[in-house]
Amino acid sequence: MIGLMDFILPQASTSATQVDFLIELIFVIVGVWFILAEGVLFYLIFRFRKKEGVKAQYITGEKHEENKWVHIPHNLILVFDVIIIIFAIKIWYGVKQHLPAPDETIRVIGQQWAWTFVHPGKDKILGTDDDVAKVDELRLKVGTTYHFQLTSKDVLHSFSIPAFRLKQDAIPGRIITGWFKPTKTGEYDFQCAEICGIGHGIMQAKVFVENEADHNKWLEGQKEHIVLPDFFPAAPMNPTIAAAPN
Amino acid sequence: MSAHHEMSFWQKYVFSTDHKVIGMQYMFTGMIMALIGGYMSYAFRMQLAFPGHEVPLFGLVTFAKYSALSTNHGTIMIFWVAMPVLIAALGNFLIPLMIGCDDMVFPRVNRLSYQIFLLSAIILLISLALPGGGFGGAWTSYPPLSVEQQYNLTPYANFLWLLAVALEIVAFLLGGINFITTVMNARAPGMKMFDIPIVVWMIVIASILFMASVGPLVAGSVMLMMDQTIGTGFFDASRGGDPILWQHLFWFFGHPEVYVVLLPAMGIVAEIITTFSRKKMFGYKTVFYTTVATAIISFFVWAHHQFVAGIDPRMANIFTVTTMIISIPIAEMVFVYIATLWGGSIRLTTPMLFALSFLASFLMGGVTGIFLGATGADIFLHDTYFVIAHFHYTFFPIAIIAVFAAIYYWFPKMFGRMMNETLGQIHFWGTFISFNLIFLPLFYSGLAGTHRRIADYRGFPELYPHPNATEILPSQWAQDMQVIATYAMLVLIAFQIVFLVNFFWSLFKGKKAEANPWQANSLEWQAPSPPPHGNFPPDNMPTVYRGPYEYSVPGRELDYWPQNEPPAATA
């Protein structure tokens with residue numbers, strides 16, 4: 001909307017533009033309110049400084065013509081709250097609640113203090129021999145809709161890619177499915193966003209968003225095949241709800 | 001309480017049942033804990049600004065130490081500074097004086113409350129010194145990290161930390177019972193419900209809120225302790241438990257807790273802005289009802305801390321609605337406070353400056369909360385420095401600015417001496433400006449994607465510029481912001497020396513205070529400064545004839561009208 005967020009941090013996924021729109025919308029709304037309220041506060045402080053011989057007025061604030069000064073802003077806030085709620089739910093629905101059909105599915109496993117990413121490989125199907133597992137390295141194709149299946153082996157972790165404006169906690173004993181669609185090639189940070197012990201700060205990974213040719217070249221170079229951790233069930237979870245609890 | 005015989009030092013200051021002495025015990029304990037909590041923030045902020053360097057007066061901040069410091073900083077500042085000073089110290093000192101009685105109705109329960117509180121503080125401090133160091137699983141203490149020693153690597157501190165918090169809660173339950181019972185039963189003759197000063201109402205409502213919300217946390221703490229010690233599996237997914245359950249129990253308490261400390265701060269500000277603008281409160285009943293509304297709604301917003309924690313995403317929609325709704329009574333309360341200034345005769349004394357700056361900075365805390373309460377935006381902002389900046393813009397005004405306002409305002413009543421006004425003004429400007437310079441930059445760090453509880457950002461190229469970089473990206477300014485914040489914090493700490501000097505100098509050498517130096521209405525100012533044991537002369541207990549905010553009443557020569565002055569005696 002005003003390009004503030006894009007300036008601070010690149011928007012590298014479809015959800016990033018959505019979330020940033022909401023942040024900037026709220027920024028404009030509450031920014032105006034904040035300036036108005038501070039303006040009135042400071043105006044009153046200067047306007048009604050103590051002057052010799054001038055006595056303060058006696059106002060109870062309980063008469064109708066007095067308390068309208070509180071009730072009108074009160075109702076205006078209600079209106080703006082409704083606007084913010086509508087956009088918040090709309091964007092939340094699109095990013096978290098609604099799960100578009102995936103082109104590929106990856107698995108993300110957190111443990112103290114590293115991330116394991118399982119890429120589906122050339123056949124684009126997880127659980128086959130050509131899966132590629134990488135530690136702290138996630139390789140994505142630009143313009144592809146990914147589902148991720150997220151879990152943890154030990155404590156809570158959190159899957160967070162700031163450039164995607166995406167975050168989801170990983171919980172031991174659950175597999176949480178979500179989605180994202182990278183839109184811009186580049187290298188991005190991947191942070192653990194939930195305190196997970198003394199190595200929390202080194203639980204960092206790299207996300208490489210590549211075009212199809214580069215991605216395939218990288219896949220060609222991957223020789224090792226891995227066996228999936230046995231705590232993953234064969235079938236994915238309820239596909240309609242991104243983060244359905246067990 | 002009729003016989004006021006001579007007492008030994010121990011009876012008078014250590015095992016006293018006098019509400020004022022217990023209030024002071026809470027206040028000084030809270031001040032000492034604030035110094036410890038502040039020292040912790042000094043150490044970890046230095047690490048953030050200058051990662052990997054030895055911190056003067058601390059040493060190297062390792063990852064384990066960083067986690068322990070930030071965890072215990074948060075725990076101490078909320079449970080051992082904000083709670084004891086705002087509720088216990090001011091509640092104990094002010095309630096009997098402001099409602100015109102001689103003491104709390106359960107003085108021995110009151111003493112027990114402080115003793116348990118002191119024990120809890122000692123346990124917490126011991127936990128920092130044991131092998132493995134202090135607990136480092138954040139003040140929210142989420143399992144499984146807080147349960148399993150193999151994960152948190154603090155074999156003693158994880159249990160002792162929890163025990164200390166649980167004991168602290170017991171102490172405040174005892175204190176809260178006392179506050180509510182006293183205000184309901186021991187008010188001076190003639191003091192009707194709407195003649196009670198707002199700060200007293202706020203402390204009572206906060207105590208009710210605390211008692212109603214803390215049950216699930218106590219239950220959860222016991223479950224967590226059992227998971228830690230005797231091997232139950234309430235929060236262990238591999239044995240049928242659920243780690244998310246703790247988050248619900250914690251935040252069901254944790255969010256009302258924000259209002260538990262906010263309300264007394266709002267009460268303090270109400271007393272001070274009415275006194276120093278010589279104005280009646282604009283809509284006393286509006287303040288009362290919005291407070292009650294806030295307290296009720298605060299029970300229905302807790303899951304906004306858990307939007308991305310793995311709750312059903314449909315549930316988030318409900319909590320974003322309730323969270324937006326709670327902004328309405330809080331905003332209304334702030335509007336009422338601002339409206340109170342209209343037509344006043346404002347004196348910018350030190351307590352008034354602190355009270356007004358509370359409003360100015362709490363507004364920032366309030367509006368930034370909207371970003372986090374909106375589900376869609378919270379997906380990104382959750383657990384970033386934006387959250388840190390946001391809640392410090394609420395907690396710093398509450399626990400520091402409002403408390404300074406209260407100390408400068410009630411110091412003459414507490415100790416019978418005036419504080420130095422010039423030093424007070426220097427302290428105010430130093431504190432207020434440096435506080436903003438600490439936390440405004442951190443909003444930017446958060447928007448650039450800096451996540452919390454990480455000791456060293458050098459591994460994140462988006463946030464920390466490479467030493468040989470020729471071009472700095474906007475997101476890499478996040479690190480410069482950390483440096484600015486750290487320098488501002490050093491300035492903030494330096495200005496607190498001005499306060500300590502003023503406080504202790506005035507305590508012994510300050511100008512003698514008269515009973516009512518601010519010409520205020522409420523009953524505490526009608527007692528001598530400092531009030532003796534029993535507060536008011538036993539044969540002349542106050543009777544109340546009017547509300548506490550009758551300032552500048554038309555037709556009266558004086559611009560104040562004490563609550564206990566008989567109507568016939570016109571000045």
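Here is a yes/no grid of residues against (1) open to solvent by 50 Å² or more (accessible area, probe 1.4 Å); (2) closer than 27 Å to B:A406 by Cα; (3) within 25 Å of the chain's Cα centre (by Cα):
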| site | (1), (2), (3) |
| --- | --- |
| B:I116 | no, yes, yes |
| B:L130 | yes, no, no |
| B:G136 | no, no, yes |
| B:P144 | no, no, no |
| B:Y156 | yes, no, no |
| B:W161 | no, no, yes |
| B:T182 | no, yes, yes |
| B:K192 | yes, yes, no |
| B:I203 | no, yes, yes |
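State whether one or more residues within region B:530-540 are closer than 30 Å to B:R45 by Cα and free of Cβ contacts under 8 Å to residues at least 60 places away in the same chain.
No: region B:530-540 contains no residue that is closer than 30 Å to B:R45 by Cα and free of Cβ contacts under 8 Å to residues at least 60 places away in the same chain.
Residue by residue, here is whether (1) closer than 25 Å to B:T450 by Cβ; (2) open to solvent by 20 Å² or more (accessible area, probe 1.4 Å) holds:
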{"position": "B:K12", "(1), (2)": "no, yes"}
{"position": "B:I22", "(1), (2)": "no, no"}
{"position": "B:A43", "(1), (2)": "yes, no"}
{"position": "B:M77", "(1), (2)": "yes, yes"}
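Looking at (1) facing another protein chain (nearest Cβ under 7 Å); (2) closer than 19 Å to A:I26 by Cβ; (3) modelled with pLDDT under 95, find the lone condition where A:L76 falls short.
(1)
Listed here are the residues, each with its yes/no results for (1) modelled with pLDDT under 95; (2) within 14 Å of chain A (Cβ to nearest Cβ); (3) open to solvent by 20 Å² or more (accessible area, probe 1.4 Å).
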position	(1), (2), (3)
B:R239	yes, yes, yes
B:G267	no, no, no
B:E271	no, no, no
B:T274	no, yes, no
B:S277	no, yes, no
B:Y284	yes, yes, yes
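Got at least one residue in region A:104-120 being open to solvent by less than 20 Å² (accessible area, probe 1.4 Å) and hydroxyl-bearing (S, T, Y)?
Scanning region A:104-120 turns up no residue that is open to solvent by less than 20 Å² (accessible area, probe 1.4 Å) and hydroxyl-bearing (S, T, Y).
Looking at B:F106, is it crowded, with 24+ Cβ neighbours inside 10 Å and among the aromatic types (F, W, Y)? Write out each step before concluding.
Values: crowded, with 24+ Cβ neighbours inside 10 Å: no; among the aromatic types (F, W, Y): yes.
It is false that B:F106 is crowded, with 24+ Cβ neighbours inside 10 Å and among the aromatic types (F, W, Y).
Determine whether region B:440-449 contains at least one residue that is open to solvent by less than 40 Å² (accessible area, probe 1.4 Å), part of a helix (DSSP H, G or I) and within 30 Å of B:N516 (Cβ to Cβ).
No, every residue in region B:440-449 fails to be open to solvent by less than 40 Å² (accessible area, probe 1.4 Å), part of a helix (DSSP H, G or I) and within 30 Å of B:N516 (Cβ to Cβ).
Could you give every pair whose Cβ atoms fall below 7 Å, whose first residue belongs to region B:547-567 and is more than 19 Å from B:R347 (Cβ to Cβ) and open to solvent by 30 Å² or more (accessible area, probe 1.4 Å), and whose second residue is of a type in the set (A, V, I, L, M, F, W, C) and in a loop (DSSP other than H, G, I, E, B), counting only separations of at least 6 or pairs across chains?
So the pair list comes out as B:N564/B:V544.
Filter region A:165-223 for residues that are open to solvent by less than 20 Å² (accessible area, probe 1.4 Å) and of a type in the set (G, A, S) and give the result.
Once the filter is applied, which keeps residues that are open to solvent by less than 20 Å² (accessible area, probe 1.4 Å) and of a type in the set (G, A, S), region A:165-223 yields A:A170, A:G178, A:A193, A:G197, A:G199, A:G201, A:A205.
Any residue at all in region B:452-475 that's within 24 Å of the chain's Cα centre (by Cα) and not hydroxyl-bearing (S, T, Y)?
Yes; the residues of region B:452-475 include at least one that is within 24 Å of the chain's Cα centre (by Cα) and not hydroxyl-bearing (S, T, Y).
So which of A:I26, A:I86 is within 30 Å of B:Q306 (Cα to Cα) and facing chain B (nearest Cβ under 7 Å)?
Testing whether each residue is within 30 Å of B:Q306 (Cα to Cα) and facing chain B (nearest Cβ under 7 Å) leaves just A:I26.
Find the residue count for region A:29-73, including only residues that are part of a helix (DSSP H, G or I) and either facing chain B (nearest Cβ under 7 Å) or free of Cβ contacts under 8 Å to residues at least 12 places away in the same chain (or both).
Selection size over region A:29-73: 28.
Select from region B:336-379 the residues that are touching a residue at least 60 places away in the same chain (Cβ under 8 Å) and β-branched (V, I, T) and list them in ascending order.
Hits for region B:336-379 are B:T340, B:I346, B:T349, B:T350, B:T368, B:T375, B:I379.
Would it be correct to say that B:M333 is part of a helix (DSSP H, G or I), without any contact (Cβ under 8 Å) to a residue 60 or more places away in the chain and more than 17 Å from the chain's Cα centre (by Cα)? Give the derivation first.
Details: part of a helix (DSSP H, G or I): yes; without any contact (Cβ under 8 Å) to a residue 60 or more places away in the chain: no; more than 17 Å from the chain's Cα centre (by Cα): yes.
For B:M333, the condition - part of a helix (DSSP H, G or I), without any contact (Cβ under 8 Å) to a residue 60 or more places away in the chain and more than 17 Å from the chain's Cα centre (by Cα) - is not met.
Kindly provide the set of residues from region B:234-291 that are of a type in the set (G, A, S) and touching a helix residue (DSSP H, G or I) at 6+ places or on another chain (Cβ under 9 Å), ordered by number.
Across region B:234-291, the qualifying residues are B:A237, B:G241, B:G254, B:A265, B:G267, B:A270, B:S277, B:G283.
Considering only residues of region A:138-155 that are touching a residue at least 60 places away in the same chain (Cβ under 8 Å) and more than 14 Å from chain B (Cβ to nearest Cβ), which is nearest to A:A101 (Cα to Cα)?
This residue is A:H147.
I'd like the full set of residues that are within 7 Å of another protein chain (Cβ to nearest Cβ), over 28 Å from B:T154 (Cβ atoms) and without any contact (Cβ under 8 Å) to a residue 60 or more places away in the chain, limited to region A:156-201.
Residue satisfying the conditions is A:D189 alone.
Can you tell me which residues in region B:286-301 are more than 11 Å from chain A (Cβ to nearest Cβ) and either open to solvent by 10 Å² or more (accessible area, probe 1.4 Å) or assigned to a helix (DSSP H, G or I) (or both)?
Of everything in region B:286-301, those that are more than 11 Å from chain A (Cβ to nearest Cβ) and either open to solvent by 10 Å² or more (accessible area, probe 1.4 Å) or assigned to a helix (DSSP H, G or I) (or both) turn out to be B:F288, B:Y289, B:T291, B:V292, B:A293, B:T294, B:A295, B:I296, B:I297, B:S298, B:F299, B:F300.
The values are calculated or read from the model by the stated rules, or taken from the named source; none is laboratory data. What you see is a predicted model; the values in this text were computed from it and never measured. FYI the Cβ positions are ideal-geometry reconstructions off the backbone, even for glycines, and counts take in every protein chain you see. Note: accessible area is taken over every heavy atom of the protein model, side chains too, but ligands, DNA and RNA are not part of it. Shrake-Rupley method; radii C 1.70, N 1.55, O 1.52, S 1.80 Å.
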